[in-house]
Amino acid sequence: MKLDPRRYDEMIGRASPPSPVVRDCAWAFCVGGAICTLGEGLRQLFLIWYDKTLAGTLTSIALIFLAALCTLPGWYQKLAAKAGAGTLVPITGFANSVVSPAIEFKAEGWITGVGAKIFGIAGPVIAYGTLASFVWGVLYWLLGKVG
Amino acid sequence: MRRGDTLLFEQPPVVGAWAAAGGKKESEGPLASAFDFLTQDAGFAEQGCENWEQAESLLQRRAVELCLRKADIPRSKVDIAFAGDLQAQCTASNYTMRELGIPFAGVYGACSTMAETLALAAVFAATGMAERVLALTSSHFCAAERQFRTPLEYGAKRTPTAQWTATAAGACLVRAHGIGVPVRSVTFGRVQDYAVHDINNMGAAMMPAAASTLLHYFAASGTSPKDFDAIFTGDLGEVGTALLREQMAQEGLPLDNHKDCGCLLYDTAGQNVQAGGSGAGCSAAVLCCKILPMLAAGQLRRVLFVATGALMSQTTFLQGESIPGIAHCVELGGAQ
């Protein structure tokens, strides 16, 4: 066959349609922005009754709850198929990444299915998030020693 | 008779009956009216299925039952069944066969399984090892997604080169003698790997296998693409199709009569399937809904059915291995 991997790689590059970057970015900007605006609206609402710290915490909880709720009938997935990073980056994306495997792996049991797989997608974020905060904590401590 | 990699049958066995079963998306596609069974609930909740794996098995069983009903034979008359699917350890087929009680040989060829089982069935029938042989396969979007990608409800964006796993099953009954669509020859493919690592571009990963098998077949049989009414590959999708046509033109055998099962099962522009359909059930459904009926009706006389498969697993993909492809070719029809 008249084909080698390097030439084939070029052929694939020519034949594969690129992602519509401008459209994807517009979707991500609008949906991501809308989720954050909703969050700000909720925060303002909570500020009527509570102080700043508690209102912020309640906003996060409310967004996570709403994202989990929208994940159940598949609405979050449908929105994310268009919005991409717009639904992935906010805290709602994290909620979706925890709830979706919990639903999916229920068939394998509460321990070996839901329990074992629930952090299958979010796990790396938690692991490396914790590692990053540890590294930053050490740096912060060292900077304090120097300064 | 063996010529190169191609096994030519002096007394061709025939595909005597066939049936296809599909789900909701397939019922909205261009081949909907040709399916023998379609369901809007591919989870089969009403039938008591508790998970997607059971549902796929039930879909496969529907295809077998309809195929045997069309052939008008009881399952006890089937000498052997070749079946496979995309689930790990081919469990959809295993559980189907648990219910049917037919002698069974499990086959894994990823999306090439329909051509692989059909080819094996034809060899068994042609050599007198069996009189009636079942060849079947299936895939289920929901069972495949959770095994190869992410949970269904997880919000992720699909790339334009990705393909949509069909929720479909196809079953063919091959007979050593009788009326049906003749199987003239079969060519088992060789694994081809051109260092494609993108799991969202399976068409590109599988194209070299399709080209390789076609070149082997044309060389062995002394034919060229224009000797056929149509050459069906499956499931290269739009990207793999463009690559195959470019490659075959380069080889001096341009494919003017080529169609791809991944582009036939769905309306690729309107059904949100990105580059087209895939999954073992995709080429099986197109074979049973379009290719075999058209051959039986005389609308096509001689075709090649070349189903392609990507032979990686989630484990090898995560370990950074490239994606090996395979393609098996079945020559159907021709003068009796």
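The values are calculated or read from the model by the stated rules, or taken from the named source; none is laboratory data. Owing to the predicted nature of the structure, the values given are computational and were not obtained by experimental measurement. For neighbour counting, all protein chains shown are included, and Cβ atoms are generated from backbone atoms with ideal geometry for every residue, glycine included. All accessible areas refer to the heavy atoms of the entire protein, side chains included, with ligands and DNA or RNA removed. Shrake-Rupley method; radii C 1.70, N 1.55, O 1.52, S 1.80 Å.
Some observations on this one:
- Among the residues of the stretch A:1-48, those that are surrounded by fewer than 18 Cβ atoms within 10 Å (Cβ to Cβ) and of a type in the set (Gly, Ala, Ser) comprise A:Gly13, A:Ser19, A:Ala26, A:Gly33, A:Ala34, A:Gly41.
- Inspection of the stretch B:201-221 identifies at least one residue that is more than 15 Å from B:Thr161 (Cβ to Cβ), within 13 Å of chain A (Cβ to nearest Cβ) and among the polar types (S, T, N, Q).
- Where A:Val135 falls short, out of the listed (1) away from every other protein chain (no Cβ under 14 Å); (2) β-branched (Val, Ile, Thr); (3) under 18 Å from the mean Cα position of the chain (by Cα): (3)
- Top-ranked residue of the stretch A:88-109 - restricted to ones that are touching a residue at least 40 places away in the same chain (Cβ under 8 Å) and not in a helix (DSSP H, G or I), ranked as most open to solvent (accessible area, probe 1.4 Å): A:Val89
- In the stretch B:1-42, residue nearest to B:Ser221 (Cα to Cα) [restricted to those that are open to solvent by less than 10 Å² (accessible area, probe 1.4 Å) and in a strand (DSSP E or B)]: B:Thr6
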